[in-house]
Amino acid sequence: MTIGDMPTRRRGRLIAAWTSVALVCVLTVALLGAYWKWRSVWSSIHQVTVTGLGKRPPRYNNALNLLVFASGSTAGLTRKQQLYWHVGSDTGDAVSETLMVVHISPGRHQVTVINIPRDTVVPIYACASGQGLSGQQASPGAVEQISNTLSYGGPSCLWKTVEQQTHIRLDHFIEMRYAGVVKVIDDIGGVGVCLPFGVQNAQSGLNLSQGYHHINGVQFLEFWRTRENIGMGSDIQRIQRDDYLLARALEQTLKEGLLSSPTKLIHVVTDAAPQLTLDSAFSQSDLLHLGESLRGLSGKGVQFIQAPTVQDPANTNWVEFTSVDHALFRAIAHDAKLPKAAKRTPPAVLATTASPSQVQVTVLNGTSVAGLGGQVAEGLADRGFHIAQTGSAAHPWSRTVIEYSAPSQLPKANALAAQIPGARVKKIAGLSPSGPVRMILGTRASTLKPRPKPSAASQVAGLGSKYGGNTGTATCRSDTGAFQGPLSP
């Protein structure tokens, strides 16, 4: 199925996860001063156990990282709601349509939301079956859309995939269905938006004229889902507009003083809780602590950004991470100062090297140092490369060599060679053009180059401006780039 063929009911689910970013603040602050009510609300939240995460990224500080996503459930909706909201009926799938990492910095006064496009391709990791899920076997060299991991292995599989790809250690997850979102938006008083032109979209039901509108919950849902007749009609542009819409929702929440008023929030909490699923380790005390720490949050302290991607060469409907992502993810993991955004590079230059997530490698030890191959493989895996196999070379090698067989593998070989100064790249026959490239460690040039150490004292900041995103202080104006394209008036 292509992006353009995605059913309307599935696009509707996108609203759920995004709104839950604001709702996590709503839920936690509501605990402060309304505990008697919260006890019954807490019991309506579904919780599941996360298992099988494998070797996890290290924890560098006391930042809080939340995995926030939406599933495809329309449970609880009446037929009238399904028709009125243009969301259709559920067929039992649980594809993650919207996926975000919400990073709350140490000190809890800086929030960074990274949206990972649902069509991003990732390696297939081993995930256990259970509770109606088929699970999946690890498949070296193969990829899948990150949105599919939830269908096969549930929240644990999605959690594992995100951690392995970003190397950001996650603390909890929040999954939300969208049955209560319309009411929640109405509870916060609606959201103000601006349109550069009038929009009439039969798929989503949105019908707004050019200019300013203060929209209610139903219109919020319609705005969120609209894609077909705006700009390029792409999911990437839709995410840009949704970032803007989410910023406006946060602005309204702060304007009404909801984050500091448990009395006002209790109605919102009551609507949201039955639509939430949390991991079983997410305790009431965790939420209480989070709510207390977010009391002083300001709009300028919240940033929204879409993870940079490029079109996947194997499928024009898919996207893949870039080297910019790895710098971004590492900065988030360390809560370090973000690197400057990379300048757009001509395609011919981009083709000379691959990102680590694209590279499968077999590591062979051609030295007399016992365990060297495993050490290098572990270091490469920590940098985002995927290890297909380790072992010993048939004979001693004096120099480290990266072997490949097809021109399509050369960017992958170059990416590996960049990790070991002095390594030689060599084309040979016999390797599968679709399989892993081969690294043979020699006595010369067998040590990975040091990784730059970010400053642990420097907080994440400036993400919105550096990576084309926005902050919670976004004014009511159109996001020009997100509306431009041949489909717009």
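Quick note: the coordinates plus some simple rules give every number you see, no bench work behind them. All values derive from a computational prediction rather than experimental measurement. Reconstructed Cβ throughout: ideal geometry from the backbone, glycine too, with neighbour counts over all protein chains shown.
Amide hydrogen proximity for residue 172: with H placed 1.01 Å from N in the peptide plane, the residues at 5 or more positions away or on another chain lying under 5 Å are 65, 67.
Region 350-412 and region 305-321 have Cα centres separated by 25 Å.
Within region 356-441, the proportion of C-alpha pairs whose separation exceeds 16 Å stands at 46%. With the simple model of a label 7 Å out from the Cα in the direction of the Cβ, residue 316 to residue 300 spans 4.4 nm.
Label positions at residue 487 and residue 214, each projected 7 Å from the Cα along the C-beta direction, are separated by 3.1 nm.
For the set 426/449; 55/449; 55/183; 300/412; 55/427, the pairs lying more than 30 angstrom apart at their alpha carbons are 55/183; 300/412; 55/427. Residue-wise HN-Hα couplings along region 330-335, as the Karplus relation 6.51 cos²θ - 1.76 cosθ + 1.60 with θ = phi - 60° gives them from phi, are 5, 5, 5, 4, 8, 6 Hz; Gly and Pro carry x. For residue 144, nonlocal amide neighbours, meaning residues 5 or more places apart or on other chains whose placed amide H falls under 5 Å from its own, are 122, 124. For residue 83 and residue 51, the difference between the fully extended length at 0.36 nm per residue and the C-alpha to C-alpha distance is 7.8 nm. Between the amide H of residue 306 and those of 115, distances stay under 5 Å, these residues lying 5 or more places away or on another chain, with hydrogens modeled in the peptide plane.
What are the trypsin sites (Lys or Arg not before Pro) within region 105-199 that DSSP puts in a loop, where the Cβ has at most 13 other Cβ atoms within 10 Å? Walk me through the numbers on the way to the answer.
Working: sites: 108, 118, 160, 169, 177, 183; in loops: 108, 118, 169, 177.
Hits after loop and neighbour filter: nothing returned.
A simple packing score, the average count of other Cβ atoms within 10 Å per residue, orders the peptides 146-156, 212-222 as 146-156, 212-222, with the highest score first.
By counting other Cβ atoms within 10 Å of each Cβ, how are 69, 197 ranked from fewest to most?
Neighbour counts put them in this order, fewest first: 197, 69.
Ranked by how many other Cβ atoms sit within 10 Å of their own Cβ, fewest first, the residues 78, 253 fall in the order 78, 253. If you take all other residues with their beta carbon under 13 Å from the beta carbon of residue 399, and give Lys and Arg +1 and Asp and Glu -1, the sum is +2.
Comparing 167, 98, 140 along the charge dipole axis of region 93-181, the residue lying farthest to the positive side is 167, per the Cβ-charge model. Derived scalar couplings between HN and Hα for region 53-67 equal 7, x, 6, 9, x, x, 9, 9, 7, 9, 5, 10, 10, 10, 8 Hz in order, rounded to whole Hz, by the Karplus curve 6.51 cos²θ - 1.76 cosθ + 1.60 (θ = phi - 60°), x for Gly and Pro. A full extension of the chain between residue 378 and residue 129 corresponds to an added length of 86.9 nm, given 0.36 nm per residue minus the alpha carbon distance. Phi-derived couplings, Karplus 6.51 cos²θ - 1.76 cosθ + 1.60 at θ = phi - 60°, listed residue by residue for region 197-206: 7, x, 10, 10, 10, 5, 5, 9, x, 5 Hz, with x used for Gly and Pro. Basic side chains Lys and Arg get +1 at the Cβ, acidic Asp and Glu get -1 at the Cβ, and with that the dipole of region 356-441 about its Cα centre reaches some 280 debye. Note on region 356-441: dipole from Cβ charges, positive end direction compared against 390, 437, 407; the farthest Cα belongs to 407.
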